[in-house]
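K.L.:
Have a look at the structure that comes next, please.
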Amino acid sequence: MFSRSLSAPTPPPILPLSVSLTERFAGAVRDRFCQPDGRCESASWVGGAVLYFFISYARGNEDDLVRKFYTDLSIEVRVLAGLPRDAEVGFIDAEMSAGTRWSRRLVDALSTCRSFIALMSPRYFLSQHCGQEWQIFAERSMRYERATGVDPSLLKPLFWVPVPRGKMHPVALRIQFADQEDDTCLRQMMRLKRHEDAYKEFLFNLASQIVDAADQHAIPTGVTYSDLESVPNVFHQTPALINGIPADELIDATTVHFVVAAPTRDEATAIRAELATYGYRRRDWAPYHPSWPDPISDYAISIAASRNFLTRVADLEELGERAAIASQQNHIVVLLVDAWITRLLGPLNLLTAYGGRPGAPRNPTTVVLAPVPDGDHETRAHWPALSETWLATAGHLAPADDLSRWGIATYHDFARDLQAALEVAMNRVFASGDVRRQPVTTFHIERPMLDHP
């Protein structure tokens, strides 16, 4: 079975806000609403109507149910605001996915909406786009609070599905909006007939708060980023504490640099037919799309963070810089590799030069993870040639079975393989390096053996 191998076909084994708008458009948004001194005017009316709410959610298998919630809430808001039935009172984006450019309508909505509804789920906190959307609105709300001294409470996280406390980001814990029990999360309220009355009451109360807030709080509009690609993901910002231990006390022992070695969409166009998993940056690569639509780097960060590792992410062009830091600080480097990178001479040269960096006393502990989903028939068909090239040119990067995972078929396998590889890598760091503290959590995972395609 393909999903159970760590070996290449030939010996020796291969161990196993946002795509950015143009600067011109982002500047136009700011100029439209903000004064030269940075103060922003109220822009209640956009396109002739108040945009009362923005729904932020992680794209997945229940988008139709999310859209029903959007429709139901819009009806309640129109009634309470006294607006006609065709008035557009909210915004939901059903099109944006990993590696796509943020539309003008989406950024306009984030820049002018009066409240922000986050449909929380475990996947929500793994989504780069959701983290960036939250960041943009939270900054608008914070500017209002600083100017008026009033907390408008316009950012409203709701449980779409139950989220264990340990899987919620601290930023959400601080402002949890509603006390929703496991059996009354929003998704269950909508799906189960016994909650029909409770759902209607919930919609009415939420719509009332949204309409009242729009009248009382004219929060600043516009965005503060000239390039929306640079908007931080609030869910990937390093917390001050990790399991109660100051992060700066863990950084030497637990930092992992994820480096994405995958083509951009433009590069992939020249070397293969299937392009759905690629974006405008290497780090936008989402190999498990559509079953897991977010970038693999976001997923990897969340897995490592759950094990108390601090993380950094970079594109392949930054490999030399990250490797130098990792060598000096005894960090771990994890390469997230698309086998098609072997068809691109420039990126391949960056990988082959990795072991010969001038002035580097040694290579850092390096892990190689190469996702190849079961459904990627094109990659499987070209596997012998792709793997042979990798073995000949970059097979030295992780020359041990326990530091490489090649041909990872599903995102579930990826999570297990990454955790197992990090355990081995951390053990090697402690055996050979100068470290001050071990990760707080010890994990023991049986390493799966994967077959090549």
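K.L.:
Could you pull out every one of the lysines with an alpha carbon less than 21 Å from that of K200, ignoring same-chain neighbours closer than 8 positions?
P.N.:
Here the lysines satisfying the reach criterion relative to K200 are K68, K156.
K.L.:
Would you check the accessible area of Y144, probe 1.4 Å, heavy atoms only, in square angstrom rounded to 10?
P.N.:
Roll a 1.4 Å probe over it and Y144 shows about 30 Å².
K.L.:
Would you pull out the residues with amide H under 5 Å of T255's amide H, same chain only if 5 or more places away, H placed 1.01 Å from N?
P.N.:
L310, I332
The values are calculated or read from the model by the stated rules, or taken from the named source; none is laboratory data. Since the model is a prediction, treat every value here as computed from it, not as a measurement. Just the protein is used for accessible areas: all its heavy atoms, side chains included, with ligands, DNA and RNA removed. Shrake-Rupley method; radii C 1.70, N 1.55, O 1.52, S 1.80 Å.
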